[in-house]
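> Below you'll find the structure I mean.
The values are calculated or read from the model by the stated rules, or taken from the named source; none is laboratory data. Small disclaimer: the values here were computed from a predicted structure and weren't measured. Note: ideal-geometry Cβ built from the backbone for every residue, glycine included; neighbour counts use all protein chains shown. All accessible areas refer to the heavy atoms of the entire protein, side chains included, with ligands and DNA or RNA removed. Shrake-Rupley method; radii C 1.70, N 1.55, O 1.52, S 1.80 Å.
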Amino acid sequence: GKGGFGFYAQNELNVNGLVFAGAGKVGAIYMEATTINLQNVDFPDGSKVDLVSADGPIDSRYPNFGEIIMPRRVNFINAVSYGGNAMTDKTTFDEFGGNINISKF
């Protein structure tokens, strides 16, 4: 198909070390759970990423960064990147996370 992926969990979605086959050809990635915890994930360049949690973004746009997990949020725990570009804080998320949308359900 067009290379879309969807991941759902009722409570916690813990993703560590996810590799997308055919990087660069993934059109859409959708993840939804009460709490989303990501580490060692590189979203392919050009993909549209939607991350949906119970409380949504921090400051209307951002995930939580770092090893301390915030329940009901999207957490970029360690080594989360887009197109090989690491996103470790608001500045790097603004620079590389333009195709990543965080919202609440």
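> Mind listing whichever residues of segment 36-88 are outside any strand (DSSP E or B) and within 17 Å of N14 (Cβ to Cβ)?
A54, P63, G66, E67, I68, I69, M70, P71, R72, R73 - these are the residues of segment 36-88 that are outside any strand (DSSP E or B) and within 17 Å of N14 (Cβ to Cβ).
> Considering only segment 54-91, state which residues are basic (K, R) and in contact with a helix residue (DSSP H, G or I) (Cβ under 7 Å, 6 or more places away or on another chain).
Result: no residue meets the conditions.
> Within segment 59-105, how many residues turn out to be open to solvent by 40 Å² or more (accessible area, probe 1.4 Å) and farther than 16 Å from S47 by Cβ?
Going through segment 59-105 one residue at a time, the tally reaches 22.
> Which condition from (1) free of Cβ contacts under 8 Å to residues at least 40 places away in the same chain; (2) more than 13 Å from K104 (Cα to Cα); (3) assigned to a loop (DSSP other than H, G, I, E, B) is the one that L13 breaks?
The failed condition is (3).
> Still on this structure: With respect to G98, is the statement that it is touching a Lys or Arg at 6+ places or on another chain (Cβ under 6 Å) and assigned to a loop (DSSP other than H, G, I, E, B) true?
No.
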